[in-house]
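Take a look at the structure set out below.
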Amino acid sequence: MSANVDLNNRPDYDKVLQDIADYVLTYTITSPEALDTARNCLMDTLGCGLLALRFPECTKHLGPFVEGTVVPFGARVPGTSFRLDPVKAAWDIGCIVRWLDYNDTWLAAEWGHPSDNLGGILAVADHLSQIRVANGEAPMTMRAVLEAMIMAHEIQGVIALENSFNRVGLDHVLLVKVASTAVCAKLMGATREQLLSALSHAFVDGQALRTYRHAPNAGSRKSWAAGDASSRGVRLADIALRGEMGIPGVLTAPQWGFYDVLFSHTNKDLALKPEDQRQFSLSQPYGTYVMENVLFKISFPAEFHAQTACEAAVTLHPQVKDRLHDIEKIVITTHESAIRIISKQGKLANAADRDHCIQYMTAVPLAFGNLIAEHYEDDFHAAHPIIDQLREKMVVVENPRYTREYLEADKRSIANAIEVFFSDGTSTGQVEVEYPIGHRRRRDEGIPLLEDKFRANLATRFVSQRCAQIFTLCKDQQALEATPVNRFVGLLVI
């Protein structure tokens, strides 16, 4: 037989896909902490989406592709009057959730925002619940939504623990697509074979590059990329449920599989040696770990690696606010990941560029005592040249301990420290914050503030009576879990 002939022995599905499918289809969620955290995550994620509706650059993307389209039993987009097919609704919900960089975060070898998956989850659950009611059947309840959120968090987060997609130039929204595909397929009633097929298509898709997150190309695509990925997950689940065959060896196929094409140390040499091959490292089984340990962005709409820098800057504000022009140097001590992805010098081109710059996110609270979404906008930046003047005086250095403890499973700190030096030789002393307010270690302190954030975000869109109704329901774990999805989403419609 010629050496150039491929053997056409169709393999079993890759084990990584089988493990995800079996988790989604068979795992029973019993953790009260995970369910409680998911409820808080739901509040926070919806609130972030409602707040984003204040920004025209976000809302220009929303609504049907063809104006006037009528979709029977269409999924609703919270805070709007749109009723869309589930694929576009997932896109819109995911877009508003991520727009302000204010929803939850997971930091490990890969980074990401697991609540991005709510776009697909809520769109599918709302659509199916309406159909069930119309057919005289019981609708899905919000318990199903919370369980899907926990599972999506877990899939995205566990894969991210030891697998760095950014190191090979891929964007973390790949994991949003995979997780959304899995849980949405389950919500839609997929068999194991259908779920495996859907997952294989999620990996065989062309994957997003990180180009739009980094200087000098950072831009607003990073604000809708996750919505696009979650929406794609819904579409792939639908394709699989229509009977489309899967690609069993999508990850491991020599030369043509995901590992060889996109996850190898080098993509130029197709004849890779075994030691140069890469595959996913999965250090723990899927459970409820990620939701229980997820990081909330409570105080600042800022890339998470800078959250503790913002806290430190707010603490220093009273000492420096009247001496801004006397500052000689500002030293930001941080961890390696922050230096790699958000340390920038030079001109910042747009709001998306600014909210991924640790120097900018430190300068604003130093000067003004706070950091809100409007502080990234062009008008605010242009009106306050002191921001760039402070950026020019900043030095960013790595603390190896911060880098090490960022990855340690029992810590997962996101530490930053700031010290301001003045021209007269004095300094503020170093202010260090190792764990942000949204960390699991600060839950008791953080959750009341998260609830305040949710109330404030509700008030940007609804009258006080509706705000109180939504908040009261979301605070009650049992009542929320028992609420039909279509009824819950109905409360969020304008």
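The values are calculated or read from the model by the stated rules, or taken from the named source; none is laboratory data. This structure is a prediction, so every number in the text was calculated from the model and none was measured. Heads up, the Cβs are rebuilt from the backbone with ideal geometry, glycines too, and the neighbour counts pull from every protein chain shown. To get the accessible areas, we keep the full protein, side chains included, count just its heavy atoms, and leave off ligands, DNA and RNA. Shrake-Rupley method; radii C 1.70, N 1.55, O 1.52, S 1.80 Å.
Are any residues in segment 415-450 in a helix (DSSP H, G or I) and open to solvent by 20 Å² or more (accessible area, probe 1.4 Å), and if so, which ones?
So the first thing to find is which residues in segment 415-450 are in a helix (DSSP H, G or I), and the list is 440-450.
ARG440, ARG441, ARG442, ARG443, ASP444, GLU445, ILE447, PRO448, LEU449, listed by residue number.
Filter segment 476-494 for residues that are outside any helix (DSSP H, G or I), closer than 24 Å to GLY119 by Cβ and open to solvent by 50 Å² or more (accessible area, probe 1.4 Å) and give the result.
Our first condition is that a residue be outside any helix (DSSP H, G or I); within segment 476-494, this holds for 476, 483-484, 492-494.
Remaining after also requiring closer than 24 Å to GLY119 by Cβ: 483-484, 492-494.
Within segment 476-494, just ILE494 meets the criteria.
Of all residues in segment 289-306 being of a type in the set (Phe, Trp, Tyr) and within 11 Å of the chain's Cα centre (by Cα), which is surrounded by the most Cβ atoms within 10 Å (Cβ to Cβ)?
First, the residues of segment 289-306 that are of a type in the set (Phe, Trp, Tyr): 289, 296, 300, 304.
Going one step further and asking which of them are within 11 Å of the chain's Cα centre (by Cα), we end up with 296, 304.
Values: PHE296: 29, PHE304: 23.
Filtering first and then ranking leaves PHE296.
Give me the pairs, please: first residue somewhere in segment 442-462 and in the same structural domain as THR308 (by the TED database) and more than 14 Å from LEU42 (Cβ to Cβ), second residue anywhere and open to solvent by 60 Å² or more (accessible area, probe 1.4 Å) and in a helix (DSSP H, G or I), beta-carbon distance under 8 Å, and either six or more positions apart or on two chains.
Cβ pairs passing all conditions: none.
Yes or no: segment 431-449 includes at least one residue that is farther than 27 Å from MET291 by Cβ, at pLDDT 95 or above, of a type outside the set (Asp, Glu) and in contact with a strand residue (DSSP E or B) (Cβ under 8 Å, 6 or more places away or on another chain).
Initial filter on segment 431-449 (farther than 27 Å from MET291 by Cβ): 431-432.
Add one more test, that the residue is at pLDDT 95 or above, and what stays is 431-432.
With the extra rule that they be of a type outside the set (Asp, Glu), the set shrinks to 431.
So of that shortlist, the ones also in contact with a strand residue (DSSP E or B) (Cβ under 8 Å, 6 or more places away or on another chain) come out as 431.
Yes, segment 431-449 contains at least one residue that is farther than 27 Å from MET291 by Cβ, at pLDDT 95 or above, of a type outside the set (Asp, Glu) and in contact with a strand residue (DSSP E or B) (Cβ under 8 Å, 6 or more places away or on another chain).
Scan segment 200-220 for residues that are within 19 Å of VAL87 (Cβ to Cβ) and surrounded by fewer than 20 Cβ atoms within 10 Å (Cβ to Cβ) and jot them down.
VAL204, ASP205, GLY206, listed by residue number.
Would you pick out the residues in segment 401-414 that are of a type in the set (D, E, K, R) and buried (at least 18 other Cβ atoms within 10 Å of the Cβ)? Let's see the steps before the verdict.
Within segment 401-414, the first condition is being of a type in the set (D, E, K, R), and the residues that meet it are 401, 404-405, 408, 410-412.
Result: GLU405, ARG412.
Against the condition crowded, with 21+ Cβ neighbours inside 10 Å and within 30 Å of THR403 (Cβ to Cβ), how does CYS41 come out, does it pass? Working first, answer last.
Details: crowded, with 21+ Cβ neighbours inside 10 Å: yes; within 30 Å of THR403 (Cβ to Cβ): yes.
Criteria met by CYS41.
If we scan segment 383-397, do we find a residue that is open to solvent by 40 Å² or more (accessible area, probe 1.4 Å), within 30 Å of PRO32 (Cα to Cα), assigned to a loop (DSSP other than H, G, I, E, B) and not small (Gly, Ala, Ser)?
no
Is segment 65-77 home to any residue that is in contact (Cβ under 8 Å) with a residue 40 or more places away in the chain, on the phi > 0 side of the Ramachandran plot and either touching a helix residue (DSSP H, G or I) at 6+ places or on another chain (Cβ under 7 Å) or open to solvent by 70 Å² or more (accessible area, probe 1.4 Å) (or both)?
Checked against the condition, which is being in contact (Cβ under 8 Å) with a residue 40 or more places away in the chain, on the phi > 0 side of the Ramachandran plot and either touching a helix residue (DSSP H, G or I) at 6+ places or on another chain (Cβ under 7 Å) or open to solvent by 70 Å² or more (accessible area, probe 1.4 Å) (or both), segment 65-77 yields at least one hit.
For segment 370-379, check the following and say yes or no: at least one residue is under 15 Å from LYS222 (Cβ atoms) and not basic (Lys, Arg).
Residues of segment 370-379 under 15 Å from LYS222 (Cβ atoms): 373, 376.
After this cut, where a residue has to be not basic (Lys, Arg) as well, the list is 373, 376.
The answer is yes; a qualifying residue exists.
Could you check, for segment 314-324, whether at least one of its residues is within 30 Å of LYS411 (Cβ to Cβ), in the same structural domain as VAL420 (by the TED database) and at pLDDT below 95?
no
I'd like the full set of residues that are among the hydrophobic types (A, V, I, L, M, F, W, C), assigned to a loop (DSSP other than H, G, I, E, B) and under 30 Å from LYS344 (Cα atoms), limited to segment 206-251. Let's see the steps before the verdict.
Our first condition is that a residue be among the hydrophobic types (A, V, I, L, M, F, W, C); within segment 206-251, this holds for 208-209, 215, 218, 224-226, 229, 234, 236-237, 239-241, 245, 247, 250-251.
Applying the additional criterion that residues be assigned to a loop (DSSP other than H, G, I, E, B) yields 208, 215, 218, 245, 247, 250-251.
Hits for segment 206-251 are ALA208, ALA215, ALA218.
Taking the conditions exactly as written (of a type outside the set (Val, Ile, Thr), outside the structural domain of ASN103 (by the TED database) and over 22 Å from PHE488 (Cβ atoms)), does ARG54 satisfy them or not? Break it down into steps so the answer makes sense when it comes.
Numbers: of a type outside the set (Val, Ile, Thr): yes; outside the structural domain of ASN103 (by the TED database): no; over 22 Å from PHE488 (Cβ atoms): yes.
For ARG54, the condition - of a type outside the set (Val, Ile, Thr), outside the structural domain of ASN103 (by the TED database) and over 22 Å from PHE488 (Cβ atoms) - is not met.
Out of the residues in segment 93-106 that are out of contact with any Asp or Glu (no Cβ under 7 Å at 6 or more places or on another chain), of a type in the set (A, V, I, L, M) and open to solvent by less than 10 Å² (accessible area, probe 1.4 Å), state the one that is farthest from MET151 (Cα to Cα). Break it down stepwise before answering.
The initial filter retains those residues of segment 93-106 that are out of contact with any Asp or Glu (no Cβ under 7 Å at 6 or more places or on another chain), namely 93, 95-96, 99-100, 102, 105-106.
Filter once more, keeping what is of a type in the set (A, V, I, L, M): 93, 96, 100.
Applying the additional criterion that residues be open to solvent by less than 10 Å² (accessible area, probe 1.4 Å) yields 93, 96.
Numbers: ILE93: 19, ILE96: 22 Å.
Across segment 93-106, the extreme among qualifying residues is ILE96.
Can you tell me which residues in segment 460-475 are open to solvent by 70 Å² or more (accessible area, probe 1.4 Å) and out of contact with any Gly (no Cβ under 9 Å at 6 or more places or on another chain)?
Residues of segment 460-475 open to solvent by 70 Å² or more (accessible area, probe 1.4 Å): 461, 463-466, 469, 472, 475.
The answer is VAL463, SER464, GLN465, ARG466, GLN469, THR472, LYS475.
Does THR334 satisfy the condition of being at pLDDT 95 or above, in contact with a strand residue (DSSP E or B) (Cβ under 7 Å, 6 or more places away or on another chain), open to solvent by less than 20 Å² (accessible area, probe 1.4 Å) and of a type in the set (Val, Ile, Thr)? Reasoning before the result, please.
Values: at pLDDT 95 or above: yes; in contact with a strand residue (DSSP E or B) (Cβ under 7 Å, 6 or more places away or on another chain): yes; open to solvent by less than 20 Å² (accessible area, probe 1.4 Å): yes; of a type in the set (Val, Ile, Thr): yes.
Yes.
Can we say SER197 is farther than 11 Å from GLY120 by Cα and buried (at least 22 other Cβ atoms within 10 Å of the Cβ)? Let's see the steps before the verdict.
Values: farther than 11 Å from GLY120 by Cα: yes; buried (at least 22 other Cβ atoms within 10 Å of the Cβ): yes.
In short, yes.
Could you figure out which of (1) at pLDDT below 95; (2) open to solvent by 10 Å² or more (accessible area, probe 1.4 Å); (3) in a loop (DSSP other than H, G, I, E, B) isn't true of VAL261?
(3) is the only condition that VAL261 fails.
Quick one: which helices (runs of 4 or more DSSP H) lie wholly within segment 1-119 and hold at least 3 residues that are closer than 30 Å to ARG443 by Cβ?
Of the helices (runs of 4 or more DSSP H) lying wholly inside segment 1-119, those with at least 3 residues that are closer than 30 Å to ARG443 by Cβ span 15-26, 32-52, 86-98.
Take the residues in segment 153-188 that are in contact with a Leu (Cβ under 7 Å, 6 or more places away or on another chain) and assigned to a loop (DSSP other than H, G, I, E, B), then tell me which one is most open to solvent (accessible area, probe 1.4 Å). Break it down stepwise before answering.
Residues of segment 153-188 that are in contact with a Leu (Cβ under 7 Å, 6 or more places away or on another chain), as a first pass: 156, 158-160, 165, 168-171, 178, 181-182, 185-188.
Right, trim to assigned to a loop (DSSP other than H, G, I, E, B) and you get 165, 169, 171, 188.
Numbers: PHE165: 1, GLY169: 31, ASP171: 1, MET188: 52 Å².
Applying the filter and picking the extreme gives MET188.
For ASN457, all conditions in the list (1) open to solvent by less than 20 Å² (accessible area, probe 1.4 Å); (2) modelled with pLDDT under 95 hold save one; what is the number of the exception?
(2)
Quick one: what pairs do we get from segment 210-238, first residue within 15 Å of LYS177 (Cβ to Cβ), second open to solvent by 30 Å² or more (accessible area, probe 1.4 Å) and in a helix (DSSP H, G or I), C-beta under 7 Å, 6+ apart or different chains?
Short answer, once both residue conditions are applied: GLY227/TRP91; ASP228/TRP91; SER231/VAL87; SER231/TRP91; VAL234/VAL87; ARG235/VAL87; LEU236/HIS201.
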